[in-house]
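Beneath this line is the structure, given in structure tokens, with notes to follow.
The values are calculated or read from the model by the stated rules, or taken from the named source; none is laboratory data. Just so it is clear, the structure is predicted and the values come from calculations on it, not from any experiment. So basically every Cβ, Gly included, is an ideal-geometry build from the backbone, and we count neighbours across all protein chains shown. Keep in mind that these areas ignore ligands, DNA and RNA; they rest on the heavy atoms of the full protein, side chains included. Shrake-Rupley method; radii C 1.70, N 1.55, O 1.52, S 1.80 Å.
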Amino acid sequence: MDKRIKLHDKYFVPYISQDVLMKAVDDVAAKVNADYKDSGKIPVVICVLNGSIVFAGLLLTRLEFPCELAAIRVTSYEGTRSTGNIKDVLGLTTDVDGRDVILIEDIVDTGNTIIKLCEHLAFRGAKVVKICTMFTKPEVYHYDRKLDYVGMEIQNKFVVGFGLDYDQLGRNIPDLYILDENLSENDMKYYILFGPPGAGKGTQAKLLVDKFGFHHVSTGDLLRKEMAAGTPLGLKAKSLIEQGALVPDLVVIGMIKSEIENNPNVPGFLFDGFPRTTDQAAALDEMLKGLDQSVTSVLSISISDEMVKERIRHRAMMENRPDDTKDEVIANRIRTYHEKTEPVIDFYKAQGKYREINGVGTIEEIFDKVCEIM
Ligand code: 5GP
């Protein structure tokens, strides 16, 4: 029988059964009881929401000493990767000043979250903070601070079930499941079309969309669409552009992210006109990482500066763009490309993702070369 489960785009296989997990909860509870049962202390047991709800609930019913229960929420995990940044600690209404605290976590991975939480509680006056976690990944935990009570040590892989989720799904599964990387549908393609102005990126993009069904993401088009629709983002972008300022990278990245999220059923995305700087390339990498994705390949269509000039002038005439006929405007665009955009090539070369195509030839000839690489 196939026991794997699918949550969103990923498959998980059984890892630790409910019986074994329950035994681990019994063992942890026994250790906590040994420390507190006859201590006369009344600790505050703090459940870190949402992941530790299951573990905290089971543990609590096994504790044999008086204790108070509180809950807090922190945000630190995106997709299947720990970001390690506590963005917020929410909801602690109990006064912990001078109190013994037992922090209940579902899982300690790098330890960033729990250690920052301990510091937060110490800052709020907690006398002693003990860490009690159901799971830990010793391979990645990188703090000297000892974890006081641990249910089970597990391998460094993403797990779900027993309270733990993958993008909010899977918390209700009573056993622990582990990510099956071989089966995950992580083959969405992310291509970047690269090259100087006039290299023919737009033309090739249209052909690629027709042939492969990719979603074309032109940041210029996206901004124009937002502005035309008068969305809050569009209005902000409009006022920046009118002041002659650039739309911040984060805003553009936000737009690209929504395009990706709003088009889950396409075979891939084709970025055109983005990234233009290494900062943007790094921001794009970071955003895709959060979605557990990465750039597949960068296809660069290269032509000489002379040809860039010729093509821009030709296009200016055909599309009635008078600005683009001025020599200094063209020279400026070429300079900006060399200074700001070309370093992006090295960024992707370092990742082994850069592919260059000679942009001299007919549209069909170049398209053949692009398809061959894809
Ligand atoms: P840390 O800050 O220790 O790297 O990460 C702690 C938080 O990341 C946990 O509270 C949990 O929310 C999340 N986390 C870490 N590893 C896993 C995992 O394998 N599966 C799930 N579902 N969440 C995890």
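Out of P248, N33, I301, whose Cα points farthest toward the positive end of the dipole of the chain (charges: +1 Lys, Arg; -1 Asp, Glu; placed on Cβ)?
Of the listed residues, the answer is P248.
Return the tail of the calculated pair distribution for segment 84-124, meaning the percent of Cα-Cα pairs more than 14 Å apart. Please list the in-between numbers first.
Numbers: 411 of 820 pairs.
Here the long-distance tail beyond 14 Å is 50 percent of all Cα pairs in segment 84-124.
Using only Cα atoms, tell me the angle between helix 18-36 and the longest principal axis of the chain; keep it within 0 to 90° and round to the nearest 10.
Taking the Cα atoms of the chain, the angle to 18-36 is about 60 degrees.
Taking the full set of protein chains and a 1.4 angstrom probe, give the accessible area of T231 in square angstrom, rounded to the nearest 10.
40 Å²
Considering only protein heavy atoms, what per residue accessible area in square angstrom results for the chain with a 1.4 angstrom probe?
Numbers: 19170 Å² over 374 residues.
Averaged over the residues of the chain, the accessible area is 51 Å².
If contacts are Cα pairs under 8 angstrom and at least 6 residues apart, what is the relative contact order of the chain in percent?
Working: 613 pairs, mean separation 55.5, N = 374.
Reported relative contact order: 15 percent.
What percentages, rounded to whole numbers, describe P(r) for segment 131-207 computed over all alpha carbon pairs with 10 Å bin width beginning at zero?
In whole percents, the pair-distance histogram is 14, 29, 20, 13, 15, 9, 0.
Radius of gyration and Dmax for segment 240-374's Cα atoms, expressed in Å?
Cα radius of gyration and Dmax of segment 240-374 are 16.7, 44 Å respectively.
Could you compute how fast segment 117-245 diffuses translationally, taking Rh as the Kirkwood radius over C-alpha pairs and applying Stokes-Einstein at 25 °C with viscosity 0.890 mPa s? Give it in µm² per second.
118 µm²/s
Taking the chain as the reference, fit the longest principal axis to its C-alpha atoms, fit the long axis of helix 219-229 to the helix C-alpha atoms, and give the angle between the two in degrees, 0 to 90, nearest 10.
Value to nearest ten degrees: 80.
Averaging over every viewing direction, what projected area does the convex hull of the Cα atoms of segment 1-155 cover, in nm²?
Working: hull surface 39.7 nm².
Convex hull of Cα atoms, orientation-averaged projection: 9.9 nm².
May I ask for the equivalent-ellipsoid semi-axes of the chain, computed as the square root of five times each C-alpha gyration tensor eigenvalue and listed largest first in whole Å?
Equivalent ellipsoid semi-axes, largest first: 53, 23, 16 Å.
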